[in-house]
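Scroll down for the structure; my scribbles are underneath it.
The values are calculated or read from the model by the stated rules, or taken from the named source; none is laboratory data. Worth saying up front: this structure is predicted, and the values here are computed from it rather than measured. Note: ideal-geometry Cβ built from the backbone for every residue, glycine included; neighbour counts use all protein chains shown.
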Amino acid sequence: MPVIIHADKCNGCHGSNNPPCIRMCPGDLLMKDSKTGKILMRDPAECWDCLPCVKVCPQEAIEFRLSYQLGFHTARLIPHIHDTRDFITWELIDTKGGIDKFTIRTKILPIELDEKVEGVAAVDFSI
Amino acid sequence: MEQNIIETDILIIGGGTAGCLAAVEVRERFPNLRVTIMEKAHIDRSGCLAGGMNAINAYLNPGETPESFVKYVRFDSCGLIREDLVLSMSELFEYCVKKVEKWGLPILCDEKGNYIPRGRWNIKINGESLKPIIAKAAKNAGTKVLNWVVASNYLVVDGRVAGAVGFSVRNGNMFVVKAKATIIATGGAAGVYKPNNAHDAQHKTWYCPYNTGAGYAMGIRAGAEMTSFEMRYIGLRVKDTIAPTGTIALGVGAPQINSKGEKFMATKYAHIGGDGAPTPYRSHGPLQEIKEGRGPVYLDTRHITSQQARDLKSAFLDMYPSMVLYWAANEIDPSKEPVEVQTTEPYIVGGHTQSGYWVDVNRKTTLDGLYAAGDVAGGAPYKFVSGCWAEGVIAAKQAGEYAQKNDFAEIQASLVHEEQDRAFAPLLSFTNKKDGIKAYDMEVRLQKIMEEYAGGAATYYEVNEERLLVARRRLATLPDQFKHIIAEDLHELMKAHEVIDRVYVAQTLVEHMLYRKETRWPGYCTRTDYTERNDEKWLNFVNSRRDPDTGDIEMLTRPYVQIVPGDRYKPR
Ligand SMILES: Cc1cc2nc3c(=O)[nH]c(=O)nc-3n(C[C@H](O)[C@H](O)[C@H](O)COP(=O)(O)OP(=O)(O)OC[C@H]3O[C@@H](n4cnc5c(N)ncnc54)[C@H](O)[C@@H]3O)c2cc1C
Ligand code: SF4
Ligand code: SF4
């Protein structure tokens, strides 16, 4: 199952052709649906569970799930990036609903909602 | 489909750990040179560092020297390494770490401002954003970045690498990059063997599943000399998530125990360091316990405090967040129960073991104009992040000097057309025939052959001559099948080349395993027909070279040279 995209939360980064989630996936797994402007996952079986897409989404629209074969429903792990960008608070919810939080130092660089690609026109990002 | 033709002084293929540092180094040393990175994903989060890192695993903590590092790495690799390479990279750890710290990487320090050591060679970092940090430095240095361009082959002119060709997974354009010098930095190879997990968790691997041996395969096809593929990397990892165990073993000191609670490493392998035995033995030991009916095997964490368990989770969140969710989703508390471990699928990773390009101390490969750095380069195990950086720096210096002295080579249009036909064939096959094999089908076929005949997990990674010969024969059919591969879109085209590249890696690997008639690295490559280590005959490197015209793989050995005196089987 690896990551799921909550279409209700994804705003397409305001019409961005090349939004951060697409850019951050090392496996080229996320793509934009040209009809809805929202993000689709190409194939969950190709996902490495590495989470850059989850951490970068300004809307927290991408949620990380373990494959069911590896972990029980409805445990969850949600990263919240602090506005100062130098901390992440990870919210960990176990199968019984117990919540734990971990705040860790980091250095998150500012990110543009869109980016041009060398040699590629904007329309090439949609399916 | 259009062609984008680009001229650059230095082409770096793979904008990962080694590639980003190489780009910065070229621009700082040779501001007149133009640098281009060709990267299959986006350099902000590509390759091994995508999820983050929590430690720099190769660093000289107080009291250690390049020589003491060589002694340790030599011991850890069972007495056989390229000491010249390991020395030269360790001399640059400090330079690289300080540089990346300056770019913004948070490194954990004590009250006095000293880095906090984790064992002899590690320091702890908050490296969740390590990749974007080094990518930004590469961009700021003035590098031209071609994101989403999958390198498919070198442009070889009279034995010289004169650039490379790739295709964009965004619009299918072909990128022809002509370069005076080229640095290959595409990392290692995952997915050559059956992965540990299946179905929707098949990519829940330890090594980056998108590093599929492209750099090795491009070199193999062009006739570069490769070394030590038989030293496969089979790591001890946390069961199911395949998360690194160093965070636990080094972080809180957790010995391996079997199902009877016996500390088998401490007792059976005391003579070679117990739980500190060379890395291959730390996989071999637990495999024997499981084979003999004393599994599961665990890292015993029951002594740790709940605060230590929290710290452990924090460390994983910086590098491998799914580990923490796994514990929560399975109601596991590592301070109350031991952590179950397993061994990984065999990876080819020159930064953990030493499979890869045969290079000289300047990281020059046997092909003129081509330099190698990071997991793709051979001879120097124990590189990890910092060793890959160091190799990027060394390769940059040498490639820069080469580019100052040599002009562009003349590239015939036919050379480009030939590669264009090869690269795009799976798309055409789909359009023309529809019927054929998908990359995934060939991947599974390859993995099945390797798993069953070339020492996969199902046979405790053991090999013998007869099995390997079956593997050789089955693999030999696959290249003839490439013409049947179909790709419906550009993502599938990338997948097609990933599996094609892995077939070349697998063929070379099988020849290497057949050739080394000893067991130097139990656990990594145990030969049931030659069970002992044999220094008299095999204290040398097994190398290979594929003839680009005939496809025949020629095997040869290169001598081991001891530079740092001392007992090769002792860690100090
Ligand atoms: C999960 C994990 C955790 C680790 N933890 C640590 C740690 O805590 N500390 C430590 O020191 N080391 C750690 N390591 C090891 C370390 O990360 C690697 O050894 C190192 O990052 C490898 O660097 P590299 O430059 O060779 O490869 P990478 O950084 O992976 O770079 C290779 C690049 O090449 C690109 N590429 C691949 N194929 C192509 C192609 N055909 N065309 C164009 N581009 C291509 C990839 O997308 C990638 O960007 C870890 C490794 C893993 C997998
Ligand atoms: S980053 Fe988030 S909001 Fe933006 S397009 Fe991607 S999923 Fe949608
Ligand atoms: S978790 Fe990693 S591999 Fe999976 S979609 Fe997100 S970025 Fe891509």
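Computed values, structure above
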read-out	value
Matching helices (runs of 4 or more DSSP H) fully within region B:276-348 where at least 1 residues are more than 21 Å from residue A:72 (Cβ to Cβ) and of a type in the set (Asp, Glu)	B:279-291, B:306-319
First in region B:112-130 and under 17 Å from residue B:250 (Cβ atoms) and within 12 Å of ligand 1 (Cβ to nearest atom), second anywhere and of a type in the set (Gly, Ala, Ser) and part of a loop (DSSP other than H, G, I, E, B), Cβ under 7 Å, 6 or more apart	B:121/B:58; B:127/B:52
Unique match (being farther than 30 Å from residue B:527 by Cβ, in the same structural domain as residue B:220 (by TED's automatic domain parsing) and among the acidic types (Asp, Glu)) among B:421, B:441, B:407	B:407
So residue B:161, is it under 27 Å from residue B:224 (Cα atoms) and crowded, with 24+ Cβ neighbours inside 10 Å	yes
Of the criteria (1) more than 11 Å from ligand 2 (Cβ to nearest atom); (2) in the same structural domain as residue A:14 (by TED's automatic domain parsing); (3) loosely packed, with under 14 Cβ neighbours inside 10 Å; (4) free of Cβ contacts under 8 Å to residues at least 40 places away in the same chain, which one residue A:96 fails	(2)
Tally of residues being within 19 Å of residue B:327 (Cβ to Cβ), within 16 Å of ligand 1 (Cβ to nearest atom) and not in a helix (DSSP H, G or I) across region B:218-264	10
Flag if residue B:64 is more than 13 Å from chain A (Cβ to nearest Cβ), assigned to a loop (DSSP other than H, G, I, E, B) and of a type in the set (Asp, Glu)	yes
Some residue of region B:139-147 being surrounded by fewer than 19 Cβ atoms within 10 Å (Cβ to Cβ) and either of a type in the set (Ser, Thr, Tyr) or in a strand (DSSP E or B) (or both)	yes
Test: residue in region B:161-183 that is part of a loop (DSSP other than H, G, I, E, B) and away from chain A (no Cβ under 14 Å)	no
Residue among B:518, B:498, B:554, B:532 that alone is farther than 30 Å from residue B:65 by Cα and part of a strand (DSSP E or B)	B:554
Strands (runs of 3 or more DSSP E) contained entirely in region A:36-93, each with at least 3 residues that are away from ligand 2 (no atom under 14 Å from the Cβ) and either within 9 Å of another protein chain (Cβ to nearest Cβ) or not small (Gly, Ala, Ser) (or both)	A:76-81, A:87-93
Residue within region B:250-273 that is within 30 Å of residue A:106 (Cβ to Cβ), modelled with pLDDT of 95 or more, buried (at least 22 other Cβ atoms within 10 Å of the Cβ) and not small (Gly, Ala, Ser) present	no
